Structure formats: C-alpha cells, structure tokens
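Here is the structure we will look at, set down as structure tokens.
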Amino acid sequence: MSPTNPDLYRPSGMDAAGSDSVVITPELAGWTYSGLTVFDLAPDESRTITTGANEMAVLPLNGSCTVEVEGHRFDLDGRDSVFSRVSDFAYVPIDAEFRVTSRSGGEFALPMAEATRRMDPAYGPAEDVTVMVRGAGSTSRQINDFLMAGVGMADKLLAVEVLTPEGNFSSYPPHKHDVFDPEGPEVELEEVYYFLFSKDDGYGFFRQWAADGEFDITMRVRSGDIVLCPKGYHGPSIAVPGYHMYFLNAMAGPGAGGPATSGAILADVLALAYGAGSTWGMLPPATDLVVTDDLGDGRGWLVVIEGLGEAGFPGPVKELALTSTDEGFVSRPIALMALAARLGSLDRPIVIYPILSDA
C-alpha cells in the first residue's frame with residue numbers, strides 16, 4: 001500500500017471559520033509563505049481586512065465588489081462564475097488595511113503570501129490578464145496567469161487560475177518546485193490548490209507524490225476542496241467526463257517566481273504534450289495569427305500556432321475558431337479549448353490569448 005499524508009488533502013469545510021469557507025495559513029500548512037482565504041459577502045455587506053506581513057490579491061469567484069485601500073478605490077466587475085469569464089482583481093500590499101464591499105453579494109478569494117518588500121496597491125484589468133491554452137489534445141487546458149512573475153505587482157505572491165474541460169488532464173506532465181536549482185531550472189514554491197467544478201455533484205482526481213516515498217496520494221477532489229503541495233511531484237489533475245474543473249493556485253517561496261521541473265523521467269511525456277524539445281512553461285511562438293471575431297462581447301482572440309502562418313492555417317480550423325459556441329461547453333474560453341483539442345493532431349504548441357477587438 002502506498003504511503004499517504006492525509007493532512008495534504010483538506011475536504012470542503014475542514015478549514016472553514018465563520019463566513020470564511022477556507023482559511024489556509026502557513027502555520028496550518030506547516031510551511032512559511034503561502035496562504036488562501038475564501039469568503040462570502042451578503043448584498044451590501046463590507047469587510048475590513050488587515051494584511052499584516054501578508055500581501056494579498058482580491059479575486060472575485062462570483063459577484064462583483066469594491067476594494068478601498070490607502071485612498072485607492074478599485075471597482076471589480078467580477079463575474080457570474082469562474083467558468084463564465086476571466087475576472088479583474090486587486091492587489092493589496094503588506095502592512096495595509098483595506099475594505100471589500102459587494103453591492104450584490106458574492107464569493108471572493110484572497111490568495112496571499114508572507115512578503116518583505118512593500119509594493120503599491122494596484123488594479124488588474126481582466127483584459128490585461130494573460131490567457132493561454134496550454135498542451136494539446138486531452139492535455140489542453142486554459143491558464144489565466146493573472147498574478148504570475150511577469151505581472152510585476154507582487155513581491156513573492158504568485159497566483160494562477162486553470163480551467164480543465166471535462167475528460168481532460170492538467171497539471172501535466174507531473175512537476176515539482178521544491179528546491180532551488182538554476183540548472184533545472186527550478187525554484188522553491190509552496191502551492192495551494194483550490195478546486196471548483198461546473199456542477200454541484202462534480203468531481204475529479206489529483207495525484208501527488210514525494211520522490212523519497214514520504215507520501216503518494218491519489219485523491220478524489222470536489223468543489224471547495226483544498227490540496228497542499230509542500231514538496232514532490234504533483235499532477236495530473238483530471239476532470240472526469242461531464243464536469244469541467246477549475247482550480248486556483250496560490251504560490252510563494254523564498255525567491256522570485258520561476259519555472260518548475262518535470263524531471264528527466266518525464267521528458268518523453270513533456271515532448272508529447274508540448275512538442276519536441278519543450279521545457280516546462282509556455283513556448284515562444286514563431287508565428288502570430290490574429291482571428292478577429294466579435295464573440296458577442298467586444299473580444300477577439302489571438303491564436304498562436306508555432307510554425308504556421310496565415311497561408312498555412314487550415315481553413316476548417318479557422319472556422320472552428322470563429323464559431324466555437326458548442327452547447328456542450330459552459331463558456332467560450334472552454335469552447336476554445338475544444339479547438340485546441342481538435343488541433344492536437346498538428347503536434348505543435350498552441351496558445352490562445354484574449355484581445356480587444358473593434359470587430
């Protein structure tokens with residue numbers, strides 16, 4: 001029987017406190033930096049929060065809110081659900097007091113990290129969030145890099161959303177980030193996973209294990225569940241058929257954000273998922289193709305397929321990009337992941353970004 005560590009799996013409600021459905025602190029997790037709070041606000045309710053040694057992001061999961069901090073007022077449009085659209089967010093630094101107010105009520109996440117540098121409060125517009133479809137075929141999933149290293153708002157906090165269509169794999173190939181190894185390359189990061197599913201009875205599976213055998217866990221995850229990743233390999237995250245999966249990652253470590261490593265034993269899997277010669281992370285595109293479509297909300301999409309120019313872009317695929325409104329998908333971003341899955345036979349890296357369009 002494989003060794004397990006049940007403390008790493010935190011079922012929904014296990015870490016609730018009052019109106020907070022999730023309270024994960026470094027002390028509870030047994031590490032130094034990363035944390036996460038998820039809380040509800042009733043209509044016209046306000047909440048005042050002091051950050052102390054933690055920097056935080058205010059991310060609407062559903063609903064909208066206003067964040068007031070140090071003379072700044074950030075009106076967050078938010079969203080109906082994590083499956084409906086990318087959200088705007090606010091960043092709040094250490095040693096600050098801020099107030100969150102929601103006119104219509106909603107649920108909000110506070111990914112956080114113990115930090116040392118005091119940054120400025122900031123607003124992150126939804127249209128500035130880098131959105132990509134990573135992987136191909138059954139490993140395609142949507143990544144919302146709203147507060148990763150390149151954003152430059154935070155000192156140590158890294159946060160990302162991942163949406164996985166039903167039947168697909170994410171957090172794949174399995175990877176780790178528990179040591180500093182510039183040759184890897186790899187940095188040390190503590191990571192929190194917070195899961196949601198597109199239906200109330202939705203579920204998926206998640207695996208993590210330590211190379212030294214300390215733990216090896218394959219667990220069923222449902223909406224509201226937390227998984228802590230202090231060390232070792234984690235992945236895949238599997239969305240079973242019929243249920244789209246969302247997870248929010250909050251990460252931090254002693255240094256700046258950087259890459260993870262998938263290990264030499266997974267090189268063949270990495271090449272299959274991302275293309276020959278790939279390293280972990282997004283591959284730089286060789287060619288950009290702009291697909292200008294109204295999409296009903298003023299957005300277009302930048303579709304990047306390495307090595308294919310407009311002349312070589314297959315006509316039926318372009319038509320899919322312009323008409324991907326499959327009723328079987330709960331939102332257009334996930335519908336576009338179906339496009340990436342259909343492109344899997346091209347064996348080329350594919351990235352899809354949202355762009356503003358006047359079309």
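Tabulated data
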quantity: Whichever residue in the range 105-137 is of a type in the set (Gly, Ala, Ser) and part of a loop (DSSP other than H, G, I, E, B) and, among such residues, is farthest from the chain's Cα centre (by Cα); calculated: Gly105
quantity: Matching residues in the range 190-203 - criterion: being within 20 Å of Met251 (Cβ to Cβ) and not charged (D, E, K, R); calculated: Val192, Tyr193, Tyr194, Phe195, Leu196
quantity: Meets criteria (closer than 30 Å to Asp216 by Cβ, among the small types (Gly, Ala, Ser) and touching a residue at least 60 places away in the same chain (Cβ under 8 Å)) for Gly13; calculated: yes
quantity: Segments classed as strands (runs of 3 or more DSSP E), wholly inside the range 176-237, with at least 3 members that are at pLDDT 95 or above and either basic (Lys, Arg) or under 25 Å from Pro165 (Cβ atoms) (or both); calculated: 190-197, 203-209, 216-222
quantity: Options Phe169, Phe146: the member that is under 17 Å from Tyr233 (Cβ atoms), modelled with pLDDT of 90 or more and either crowded, with 16+ Cβ neighbours inside 10 Å or hydroxyl-bearing (Ser, Thr, Tyr) (or both); calculated: Phe169
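The values are calculated or read from the model by the stated rules, or taken from the named source; none is laboratory data. It should be emphasised that the depicted structure is a prediction, and the values quoted were computed from it without experimental measurement. Note that each Cβ is placed from the backbone with ideal geometry, even for glycine, and that neighbours are counted across all protein chains shown.
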